[in-house]
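The values are calculated or read from the model by the stated rules, or taken from the named source; none is laboratory data. It should be emphasised that the depicted structure is a prediction, and the values quoted were computed from it without experimental measurement. With ideal geometry, Cβ positions are generated from the backbone for all residues, glycine too; neighbour counts draw on all protein chains shown.
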Amino acid sequence: MGGVVRGPRRGFTTLELLIVLALMGLFLLVSMPALVRFYHAYQLRTAASQLQIHMRLARYLAVKEKTPYRVRIFPETDGTSPNAYVIERLEGGGWSPLPGYRFSFAGWAVRILEGSAAEVRFDTFGGATTIGGSGAGLILLQGRHRSAEIAVRSAGAVEITER
(Lines give C-alpha, C1' and ligand atoms only; values in the text may rest on other atoms or scores of the structure.)
Protein backbone atom coordinates (compact mmCIF):
# COMPACT_ATOMS: atom_id res chain seq x y z
CA MET A 1 0.00 0.00 0.00
CA GLY A 2 1.82 2.98 -1.20
CA GLY A 3 1.61 6.52 0.01
CA VAL A 4 -0.42 9.26 -1.58
CA VAL A 5 1.14 10.51 -4.79
CA ARG A 6 1.05 14.28 -5.01
CA GLY A 7 1.18 16.17 -8.27
CA PRO A 8 2.77 19.55 -8.85
CA ARG A 9 1.48 22.24 -6.51
CA ARG A 10 -0.84 24.87 -7.93
CA GLY A 11 -1.31 28.47 -6.83
CA PHE A 12 0.95 31.38 -5.95
CA THR A 13 3.46 31.75 -3.20
CA THR A 14 3.18 34.55 -0.66
CA LEU A 15 6.24 36.22 -2.13
CA GLU A 16 4.69 36.28 -5.62
CA LEU A 17 1.49 37.83 -4.23
CA LEU A 18 3.45 40.48 -2.33
CA ILE A 19 5.40 41.41 -5.47
CA VAL A 20 2.18 41.81 -7.46
CA LEU A 21 0.63 43.95 -4.70
CA ALA A 22 3.75 46.11 -4.53
CA LEU A 23 3.67 46.67 -8.30
CA MET A 24 -0.03 47.57 -8.18
CA GLY A 25 0.65 50.02 -5.35
CA LEU A 26 3.50 51.61 -7.29
CA PHE A 27 1.29 51.96 -10.38
CA LEU A 28 -1.45 53.61 -8.29
CA LEU A 29 1.05 55.95 -6.67
CA VAL A 30 2.41 57.06 -10.06
CA SER A 31 -1.04 57.51 -11.65
CA MET A 32 -2.72 59.28 -8.70
CA PRO A 33 -1.81 62.89 -9.68
CA ALA A 34 -3.24 62.36 -13.16
CA LEU A 35 -6.41 60.84 -11.72
CA VAL A 36 -6.85 63.78 -9.35
CA ARG A 37 -6.38 66.30 -12.19
CA PHE A 38 -8.90 64.37 -14.31
CA TYR A 39 -11.41 64.37 -11.44
CA HIS A 40 -11.05 68.14 -10.88
CA ALA A 41 -11.43 68.83 -14.61
CA TYR A 42 -14.53 66.62 -14.59
CA GLN A 43 -15.99 68.63 -11.70
CA LEU A 44 -15.35 71.90 -13.54
CA ARG A 45 -16.96 70.65 -16.76
CA THR A 46 -19.93 69.28 -14.80
CA ALA A 47 -20.42 72.55 -12.89
CA ALA A 48 -20.23 74.63 -16.08
CA SER A 49 -22.64 72.32 -17.92
CA GLN A 50 -25.05 72.31 -14.99
CA LEU A 51 -25.10 76.10 -14.83
CA GLN A 52 -25.51 76.33 -18.61
CA ILE A 53 -28.44 73.89 -18.56
CA HIS A 54 -30.16 75.81 -15.77
CA MET A 55 -29.67 79.10 -17.62
CA ARG A 56 -31.29 77.55 -20.68
CA LEU A 57 -34.12 76.23 -18.48
CA ALA A 58 -34.75 79.71 -17.06
CA ARG A 59 -34.82 81.14 -20.59
CA TYR A 60 -37.21 78.39 -21.77
CA LEU A 61 -39.56 78.95 -18.82
CA ALA A 62 -39.55 82.73 -19.37
CA VAL A 63 -40.69 82.28 -22.96
CA LYS A 64 -43.12 79.44 -22.22
CA GLU A 65 -44.82 81.07 -19.23
CA LYS A 66 -44.49 84.63 -20.56
CA THR A 67 -42.99 85.88 -17.31
CA PRO A 68 -39.42 86.98 -16.57
CA TYR A 69 -36.98 84.60 -14.90
CA ARG A 70 -33.54 85.19 -13.54
CA VAL A 71 -30.54 83.21 -12.35
CA ARG A 72 -28.86 84.86 -9.34
CA ILE A 73 -25.17 84.12 -8.93
CA PHE A 74 -23.46 84.15 -5.52
CA PRO A 75 -19.65 84.16 -5.87
CA GLU A 76 -17.35 82.52 -3.36
CA THR A 77 -17.01 85.79 -1.42
CA ASP A 78 -20.76 86.19 -0.84
CA GLY A 79 -21.47 86.16 2.88
CA THR A 80 -24.90 84.50 2.79
CA SER A 81 -24.72 81.88 0.03
CA PRO A 82 -21.14 81.49 -1.17
CA ASN A 83 -20.46 79.58 -4.37
CA ALA A 84 -24.12 79.04 -5.29
CA TYR A 85 -26.87 80.10 -7.67
CA VAL A 86 -30.66 80.08 -7.68
CA ILE A 87 -33.38 80.28 -10.37
CA GLU A 88 -36.13 82.80 -9.58
CA ARG A 89 -39.39 83.86 -11.21
CA LEU A 90 -41.03 87.30 -11.16
CA GLU A 91 -44.34 86.99 -9.30
CA GLY A 92 -46.51 89.83 -8.03
CA GLY A 93 -43.77 92.43 -8.22
CA GLY A 94 -41.13 90.33 -6.44
CA TRP A 95 -38.75 87.51 -7.25
CA SER A 96 -39.59 84.04 -5.92
CA PRO A 97 -37.14 81.13 -6.02
CA LEU A 98 -38.26 78.04 -7.87
CA PRO A 99 -38.58 75.15 -5.41
CA GLY A 100 -35.69 72.75 -5.84
CA TYR A 101 -33.63 75.09 -8.02
CA ARG A 102 -31.01 76.37 -5.57
CA PHE A 103 -27.58 74.91 -6.27
CA SER A 104 -24.28 75.11 -4.46
CA PHE A 105 -20.77 74.08 -5.43
CA ALA A 106 -19.75 73.76 -1.78
CA GLY A 107 -17.50 70.74 -1.41
CA TRP A 108 -16.56 70.82 -5.08
CA ALA A 109 -13.17 71.82 -6.42
CA VAL A 110 -14.97 74.66 -8.28
CA ARG A 111 -15.39 78.30 -7.27
CA ILE A 112 -17.60 81.03 -8.72
CA LEU A 113 -15.22 83.96 -8.92
CA GLU A 114 -15.82 87.54 -7.85
CA GLY A 115 -16.44 89.64 -10.94
CA SER A 116 -18.97 87.18 -12.33
CA ALA A 117 -22.34 88.57 -13.34
CA ALA A 118 -24.55 88.93 -10.24
CA GLU A 119 -27.65 87.85 -12.13
CA VAL A 120 -28.89 86.99 -15.58
CA ARG A 121 -32.47 87.98 -16.41
CA PHE A 122 -34.44 86.39 -19.22
CA ASP A 123 -37.38 88.27 -20.70
CA THR A 124 -40.52 86.79 -22.21
CA PHE A 125 -38.95 86.81 -25.69
CA GLY A 126 -35.87 84.85 -24.60
CA GLY A 127 -33.51 87.82 -24.49
CA ALA A 128 -30.95 88.05 -21.68
CA THR A 129 -29.69 90.93 -19.60
CA THR A 130 -26.75 90.56 -17.22
CA ILE A 131 -26.53 92.68 -14.11
CA GLY A 132 -23.38 93.31 -12.08
CA GLY A 133 -19.98 91.76 -12.48
CA SER A 134 -17.21 92.92 -14.75
CA GLY A 135 -19.51 93.22 -17.75
CA ALA A 136 -19.73 91.15 -20.92
CA GLY A 137 -22.21 88.76 -19.30
CA LEU A 138 -19.59 86.35 -17.98
CA ILE A 139 -19.82 83.88 -15.15
CA LEU A 140 -16.33 82.75 -14.18
CA LEU A 141 -15.69 79.31 -12.70
CA GLN A 142 -12.28 78.37 -11.33
CA GLY A 143 -11.21 74.76 -10.87
CA ARG A 144 -7.94 73.65 -9.31
CA HIS A 145 -6.06 73.41 -12.61
CA ARG A 146 -8.41 74.95 -15.18
CA SER A 147 -11.11 77.58 -15.49
CA ALA A 148 -14.27 78.10 -17.51
CA GLU A 149 -16.20 81.12 -18.70
CA ILE A 150 -19.92 80.98 -19.26
CA ALA A 151 -20.94 83.75 -21.64
CA VAL A 152 -24.55 84.89 -21.88
CA ARG A 153 -25.41 86.72 -25.09
CA SER A 154 -28.15 89.35 -25.28
CA ALA A 155 -30.19 87.05 -27.52
CA GLY A 156 -30.16 84.47 -24.71
CA ALA A 157 -27.54 82.05 -25.98
CA VAL A 158 -25.36 80.52 -23.25
CA GLU A 159 -21.88 79.30 -24.21
CA ILE A 160 -19.05 77.66 -22.27
CA THR A 161 -15.36 78.24 -22.93
CA GLU A 162 -12.80 76.21 -20.98
CA ARG A 163 -9.28 77.49 -20.39
- [ ] State yes or no: is VAL110 over 26 Å from PHE38 (Cβ atoms), buried (at least 16 other Cβ atoms within 10 Å of the Cβ) and not hydroxyl-bearing (Ser, Thr, Tyr)?
- [x] no
Open item on the list: Could you go through region 131-144 and let me know if any residue there is at pLDDT 85 or above and either among the aromatic types (Phe, Trp, Tyr) or surrounded by 14 or more Cβ atoms within 10 Å (Cβ to Cβ) (or both).
Closed with: no
- [ ] Mind counting the residues in region 63-79 that are within 24 Å of ALA148 (Cβ to Cβ) and not basic (Lys, Arg)?
- [x] 8
Open item on the list: Can you list the strands (runs of 3 or more DSSP E) lying wholly within region 108-163 that have 2 or more residues being touching a Phe, Trp or Tyr at 6+ places or on another chain (Cβ under 9 Å), touching a residue at least 40 places away in the same chain (Cβ under 8 Å) and over 16 Å from HIS40 (Cα atoms)?
Closed with: 119-122
Task: Options GLY94, GLY137; residue that is more than 21 Å from the chain's Cα centre (by Cα) and of a type outside the set (S, T, N, Q) - done: GLY94
Task: Flag for ARG37 being under 17 Å from VAL152 (Cα atoms) and charged (D, E, K, R) - done: no
TODO: Identify the residue in region 48-86 that is of a type in the set (Lys, Arg) and closer than 21 Å to GLY132 by Cα and, among all such residues, is surrounded by the fewest Cβ atoms within 10 Å (Cβ to Cβ).
DONE: ARG56
- [ ] Of all residues in region 49-96, count the ones that are modelled with pLDDT of 90 or more and not in a strand (DSSP E or B).
- [x] 20
